[in-house]
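Inspection log for the structure reproduced underneath, given as C-alpha cells.
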Amino acid sequence: MFRSPGAIALQLGPLTIRWYGVLIALAVLVGTTLAQREARRKGLDAEPLMNAIVIGIVAALVGARLY
C-alpha cells in the first residue's frame with residue numbers, strides 16, 4: 001500500500017499550493033511545449049498557436065471559477 005503525500009504540495013505563509021494545481025500547471029507546460037515542437041516540425045507559424053493556448057487557458061480559468 002502506498003501512503004498519500006497529502007493534498008498540499010507547498011505552503012508559504014498564507015499561500016497554499018496543492019498537488020492538483022502543480023499537476024495541471026505541469027500538463028499545460030508539457031502540452032504547450034509539445035504543440036510548439038509539432039508546429040515547428042510541420043513548418044507552421046507558432047504565433048497563432050500560442051494565442052489559442054493563452055485564450056484557452058484564460059477561458060478554462062474563468063469557466064472553472066464560474067462553475
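So VAL22 ticks every box in (1) aliphatic (A, V, I, L, M); (2) part of a loop (DSSP other than H, G, I, E, B); (3) surrounded by 12 or more Cβ atoms within 10 Å (Cβ to Cβ) but one. Which box is left unticked?
For VAL22, the exception is condition (2).
Do we have LEU49 as surrounded by 10 or more Cβ atoms within 10 Å (Cβ to Cβ), modelled with pLDDT of 95 or more and either in a helix (DSSP H, G or I) or out of contact with any Phe, Trp or Tyr (no Cβ under 7 Å at 6 or more places or on another chain) (or both) here? Write out each step before concluding.
Numbers: surrounded by 10 or more Cβ atoms within 10 Å (Cβ to Cβ): yes; modelled with pLDDT of 95 or more: no; either in a helix (DSSP H, G or I) or out of contact with any Phe, Trp or Tyr (no Cβ under 7 Å at 6 or more places or on another chain) (or both): yes.
So LEU49 does not fit the description; no.
Of the residues that sit in segment 1-41 and are within 12 Å of the chain's Cα centre (by Cα) and among the hydroxyl-bearing types (Ser, Thr, Tyr), which one is modelled with the lowest pLDDT?
So the residue we want is TYR20.
Of the numbered conditions (1) modelled with pLDDT under 95; (2) small (Gly, Ala, Ser); (3) surrounded by 10 or more Cβ atoms within 10 Å (Cβ to Cβ), ALA59 satisfies every one except a single condition; which is it?
So the condition that ALA59 fails would be (1).
Select, from ALA9, ALA46, the only residue that is over 18 Å from LEU61 (Cβ atoms), free of Cβ contacts under 8 Å to residues at least 60 places away in the same chain and touching a Gly at 6+ places or on another chain (Cβ under 9 Å).
Going through ALA9, ALA46 in turn, the sole match is ALA9.
Of the residues in segment 25-46, how many are among the hydrophobic types (A, V, I, L, M, F, W, C) and part of a loop (DSSP other than H, G, I, E, B)?
The total comes to 1.
Select from segment 32-46 the residues that are surrounded by 12 or more Cβ atoms within 10 Å (Cβ to Cβ) and either under 29 Å from SER4 (Cα atoms) or β-branched (Val, Ile, Thr) (or both) and list them in ascending order.
The answer is THR32, and nothing else.
The values are calculated or read from the model by the stated rules, or taken from the named source; none is laboratory data. Quick caveat, the model's predicted, so the values are computed rather than measured. For neighbour counting, all protein chains shown are included, and Cβ atoms are generated from backbone atoms with ideal geometry for every residue, glycine included.
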